[in-house]
Amino acid sequence: MFSGLTEKFHGIFAKFSKGKTFTEENIKEAVKDVRLALLDADVNFKIASSLVKKIKEKVIGTESDRKIKTSDAFIDIVHQELIDLMGKDESLINFKKAPTKIMLCGLQGSGKTTTCAKLALFCKEEFKKSSTMVALDLKRPAAIKQLQILGEQVGAEVFTQEGEMDPCKVAKSALSIKSDVIIYDTAGRQTLDDELMDELLSLKKVLKPDYIVFVANCGTGQMAVNVAKAFDEKIDLSGSILTMLDGSARAGAAISIREVTKKPLYFEGVGEKISDFQVFNPKSMADRILGMGDVINLVKKMKREISEEESEEMEKKLLKASFTYDDLLKQMKMMKKMGSLKGLFKMMPQADGMDVDLSEGESQMKISEAIIYSMTPNERLGINDLTMNRKKRVAKGAGVLLGDVNKLVKKFKQMKQMAKDLPKMQKNISSMKPQKNPFTKKNPYF
């Protein structure tokens, strides 16, 4: 997402790792590099200058503390300033009121219609709330059909009025809707114009929405920031949702929009799938910008996709060494529910910028699944040993080589042995006296 910005920050931090203290020269050079890195990522000029000024002031204030490694201190200061800039804490929409009315607005191509569906699915999965999406984009060809298709995908109702071209009349008819959450998909334009703003103001008067949310296409960089500011001045936004963050080299808009509008960032779209949608977390975003992974959303994903009962049951089986091929199959299914290995790897600390090919891991998982599915129930449970003849039958049934079956059996036995030895290992570790490791680095980011 922020690959270019992250690389630049790593280069800046590396300059401090050679020195032991802050100097006027290295501070001046570092803050200059930070400003250039932010501007290259399309961060608003005034915001970049203000952020750099705050960082410089904090760095100078840390100068006299010789106990802190300069690289650690500088990273910590930049990290904290980024968090503060983007809102410090998560800003959540309150869905307790029924109906909660949310009006989405933005330019054409910002992803409003898809965001409607993503938000509806989020409400359904996270809060068990029913949603109705109202089609108020009446001029764009196929906009209503697109919303209806997305509604079927996420299990949300779609309110339309056939043949009606006045969005305010449709909005008035939609006032009688009975639903926990009502999401209004309004029209956009290629550029800002008075006609669009007048239409949105009229809809605001009719609907009296609880939230007016700007959908910002971060791929357009500084333009998204300027448009957000214009929308806020005209119709008074409640906050924003960031889209097109994945693969955008100009994602500095994510840093700028909140500061320019003084309104919170609610959600972010992090991929093309309808499920690629999450609450915006300033610390998570600062972590990603600085290449520290995304542990916050990784933990959320794990809690959402893997229940506590499933996790405890798997742990017990491992510790008792009663882990079976069926359990291995369940474990692989859990992993797949969380997404691709590549996506999960990117969320790990220190993973950013590492050139790791995970395609082999993905294909190996498919091979392992095919092998286990080709086993008999007793073979999966370990009641019948996998003799050579059985292995050949399994390989043929799975459409793989005998060597693939042998490889899986070997790894499975190693896993069971490790689980069996774990209690003994834990006992040995707890009996050891802690020793200082002179090679341990204090800075977790290098």
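Tallying residues that are within 17 Å of Leu203 (Cβ to Cβ) and part of a loop (DSSP other than H, G, I, E, B) within segment 93-107 yields 3. For Ser50, indicate whether it is small (Gly, Ala, Ser) and exposed (fewer than 15 other Cβ atoms within 10 Å of the Cβ). Considered against the rule, which asks whether it is small (Gly, Ala, Ser) and exposed (fewer than 15 other Cβ atoms within 10 Å of the Cβ), Ser50 comes out as yes. Of the residues making up segment 253-280, just one is of a type in the set (S, T, N, Q), open to solvent by less than 30 Å² (accessible area, probe 1.4 Å) and in contact with a strand residue (DSSP E or B) (Cβ under 8 Å, 6 or more places away or on another chain), namely Thr261.
In segment 127-146, the residues that are over 26 Å from Val279 (Cα atoms) and modelled with pLDDT under 90 reach residues that are in a loop (DSSP other than H, G, I, E, B) and aliphatic (A, V, I, L, M) with C-beta atoms within less than 6 angstrom, at least six apart or across chains, in these pairs: Lys139/Ala187.
Among the strands (runs of 3 or more DSSP E) confined to segment 152-224, the ones with at least 1 residues that are among the aliphatic types (A, V, I, L, M), free of Cβ contacts under 8 Å to residues at least 40 places away in the same chain and open to solvent by less than 60 Å² (accessible area, probe 1.4 Å) are located at 157-159. Scan segment 170-196 for residues that are of a type in the set (Val, Ile, Thr) and at pLDDT below 90 and report the count. Within segment 170-196, residues that are of a type in the set (Val, Ile, Thr) and at pLDDT below 90 number 1.
Hey, could you check segment 128-151 for residues that are of a type outside the set (Gly, Ala, Ser), assigned to a loop (DSSP other than H, G, I, E, B) and open to solvent by 50 Å² or more (accessible area, probe 1.4 Å) and say which is nearest to Lys169 (Cα to Cα)? By that ranking, first place goes to Lys139. Could you list, in sequence order, the residues of segment 366-391 that are more than 15 Å from Lys413 (Cα to Cα) and among the hydroxyl-bearing types (Ser, Thr, Tyr)? Passing the criteria: Tyr373, Ser374, Thr376. The one condition from (1) open to solvent by 80 Å² or more (accessible area, probe 1.4 Å); (2) under 22 Å from Ala230 (Cα atoms); (3) assigned to a helix (DSSP H, G or I) that Glu125 does not meet is (2). Could you go through segment 212-231 and let me know if any residue there is closer than 19 Å to Leu136 by Cβ and among the charged types (D, E, K, R). Checked segment 212-231: no residue is closer than 19 Å to Leu136 by Cβ and among the charged types (D, E, K, R). Filtered by the rule that a residue be among the aliphatic types (A, V, I, L, M) and within 30 Å of Thr191 (Cβ to Cβ), segment 67-112 gives Leu85, Met86, Ile93, Ile102, Met103, Leu104, Leu107.
The values are calculated or read from the model by the stated rules, or taken from the named source; none is laboratory data. In this text the structure is predicted, and so the values were computed from the model without any measurement. Every residue, glycine among them, receives a Cβ derived from its backbone with ideal geometry; neighbour counts consider all protein chains shown. Keep in mind that these areas ignore ligands, DNA and RNA; they rest on the heavy atoms of the full protein, side chains included. Shrake-Rupley method; radii C 1.70, N 1.55, O 1.52, S 1.80 Å.
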